[in-house]
Every structure is written in structure tokens, then in C-alpha cells.
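Peer 1: Structure below; questions to follow.
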Amino acid sequence: MAYLNPQEKLLIGLIFYSPAIIAFVFGTVIGSLSNVMIFRMVYYKSIWSPPSHCTSCGAEIPGYLNIPLVSYLALRGRCRSCGARFTSRYFWVELASGLMYAIVVLWIYTLPPPQGFGLTMREVLNFSASQTPLLGFPSNPAGIALIFKGWVFATLLLVLSMVDLEHRLLPDRLTLPGIALGLLLSFAAPLSRPEIASLGRSGLTDAFLQSFLGMIVGGGILLVIMLIYPPGMMFGDVKLLAMIGSFVGITALAPSVFLGFVAGGAVGGLVMLISKNYVPMKTYIPFGPFLALGGFVGFLWGSQIWTWYMRLVANR
């Protein structure tokens, strides 16, 4: 790699990262659909009909002006017909969705075969340090299923976070099917988690038990907090964490919850410092997005975080 000119390095880099680039583009398309869900789901409207249109003048947005990210930038965030401003949320949701989809694919590279290629994250992010051949999407069904699971989870978290931010609501129409999907996909796409030795199970049975226990314990943690201190949590948060637990499993649940509480506490503390007045955090920003952030990180690296922590405790 050291003897290649910049153009050759760029070409090889594009080839190496092409699966992640494709995932990013596909993710922005799903992000565009997610924007429709965020806007219409709360009002129980169809996400398919009517087609995308300006909410100010009602003009339909043609397909060639509905290209994720590109159209928003080209139109400078305004309706071509009436000039009304579109919320910047459209752009940021599409971008976030694309990045999350690409991150899932890059993470798959780091998993051991058959799900991934067994690379380290450093090798993935700096492919010139790796001696492995140029990569593509995992062809094994296990890797493909896990990519699909990660994408489903990312979309659910993103849509729920934005609905919670805009409406202070975590709709059952997403959290409850999300819980069912997490349990179902534990069979179709089990994660590489340390087995729960005390249960004496392995394989798909262990994967389902981890998902089921993650759902029960995840929802139970916030339910107890809500019963002890009702203003601190809402029942939607309970169902969201139950959904997160069903996707990440019991062994990755603790890092997910910890990261969510740390992120929420940090932002809440910063907001109170800026406001210079004590106002409950819920007044400023809902807790759902922080749980979603912790859940996404926990899905990808929660098991490694938990293993690292247990080794740290054991070596004390």
C-alpha cells in the first residue's frame, strides 16, 4: 500500500469500503421513509398515502426532488412551489440512518466467521494495516441475517428517538412490535455473546433466553424506578428498554443501560447548568433518545464492554 499513488489508494479504499458505502446509501433511503413514519405515525396516518408533499401548500414532491440528503441540500431546505422551509430534521434523520447502517456493516467485519471476517476495528478503519483481501458483504446467511437485525434495530431506535423528542411519546405501535421482533430475530440472527453458563444452554436456545431475559430485566429495571419515583420515568421508557433488552440480550444489557444513563445525566446536567435553574430533566429533553443511544452501542460492543469490566473486577 505504501507504494501506491493517492489515486490508487483512493480506488482501493472505495472498493474496500464499498459495502459500507452501499449500506450508507440504502440507510439514507430508509431514513427518508423513517421521516414519514415520524411525522405521520403519531397522528395515525398512512405512511404510504398520500405521497410526500409540502405540508404548507400541499404540493406533491416529485421523485427526482425526493432524493435523500441531495434534495434537501439542492433546495436549501425549502419547498420548490411555495418556498416554505422544511424542518432540518429531514436531513439529519436521513444522515443518521445512513451512518448507523454503515456502522453496522463495518462492525460485522470485526465479528469472527461465519458472521464476519474476524478483523479488529483498527484494521477495518485503517485497511492499509490489514493483510486481508478486499472485502464484500458477508455471503454466509448468519452474517446477512445479523446485518438485517442491526438495520431493523437501528431504524426502530432512530424513529422512536425522534418521535420522543418531538412529541414526548414512545408509541406502542413501535415498541411492542419491536419487542416481538427482538425475540424473533434472536433465533434468526443470534449475536456472538458469552453463553449463560448457569442456564446450561447453548446455541439458539441460549440466544433466545438471553433475548427473553434482556426484555424482562430491561423493562423491569425502569418499571421499578418508575414505581419508586413516578416523575423520573414514563411507561413508554419501560417498553423501550424492554425492546432494547430483547435485541441486545441480557449480557449486553448492563452496558446499554449504563451508557444511556450516563449520556442522559451528562446532557441533563449541562442543560441545568446553562439554565441556572433547577428544572426536572424531563422538561427539557426526554430520556428515550439516551436509552436508544446506549442500546445501539450495547448492540455493537456491549458484550466486549461487559467482558472487559468483569476481567477488570476479577484482576483487582
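Throughout, read-outs are computed from the coordinates displayed, never taken from laboratory work. Only a predicted model underlies this, so the values are computations on that prediction, with no experimental measurement involved. No Cβ is skipped: glycine too gets one built from the backbone with ideal geometry, and neighbour counts run over all protein chains shown.
Peer 1: Please report the projected area of the range 1-43's Cα convex hull averaged over all directions, in nm². Before the final figure, lay out each step's value.
Peer 2: Working: hull surface 14.8 nm².
Value for the range 1-43: 3.7 nm².
Peer 1: Would you mind getting me the FRET efficiency between R89 and Y43? Use the beta-carbon distance for r and R0 = 25 Å, nearest 0.05.
Peer 2: Values: r = 16 Å, r/R0 = 0.64.
After rounding, the FRET efficiency stands at 0.95.
Peer 1: When the chain is modelled as a GNM with alpha-carbon springs shorter than 10 Å, which of W151, W107, W92 fluctuates the most?
Peer 2: W92
Peer 1: Around H53, which amide H atoms from residues at least 5 apart in sequence, or from another chain, sit under 5 Å from its own amide H, with H modelled in the peptide plane?
Peer 2: For H53, the qualifying residues are I61.
Peer 1: Here's a follow-up. Could you estimate the translational diffusion coefficient of the range 11-139 from the Stokes-Einstein equation, with Rh from the Kirkwood formula over C-alpha pairs, at 4 °C and 1.567 mPa s, in whole µm²/s? Write out the running numbers ahead of the final one.
Peer 2: On the way: Rh = 16.6 Å.
Result for D is 78 µm²/s.
Peer 1: Which of L227, L156, T28 sits closest to the plus end of the dipole of the chain, meaning its Cα is farthest towards the positive end, when Lys and Arg get +1 and Asp and Glu get -1 on the C-beta?
Peer 2: Comparing the listed Cα positions along the dipole, L227 ranks first.
Peer 1: Still on this structure, please answer the following. How long are the three semi-axes of the equivalent ellipsoid of the chain, in whole Å, if each is the root of 5 times an eigenvalue of the C-alpha gyration tensor, listed from largest down? Walk me through the numbers before you get to the answer.
Peer 2: On the way: eigenvalues 200, 177, 73 Å².
Ellipsoid semi-axes (Å, largest first): 32, 30, 19.
Peer 1: Can you tell me the length gained on complete extension of the stretch R76 to S139, counting 0.36 nm per residue apart and subtracting the Cα distance?
Peer 2: Values: separation 63, 0.36 × 63 = 22.68 nm, distance 4.00 nm.
Here the segment from R76 to S139 would lengthen by 18.7 nm.
Peer 1: Considering Cα pairs under 8 angstrom that are at least six residues apart, work out the relative contact order of the chain and quote it in whole percent. Present the calculation step by step, with values, prior to reporting the outcome.
Peer 2: Working: 410 pairs, mean separation 47.8, N = 316.
About 15 percent, as a whole number.
Peer 1: Mean-square fluctuation check for the chain, GNM, Cα pairs under 10 Å: which of I179, I244, I22 is largest?
Peer 2: Top of the fluctuation ranking is I22.
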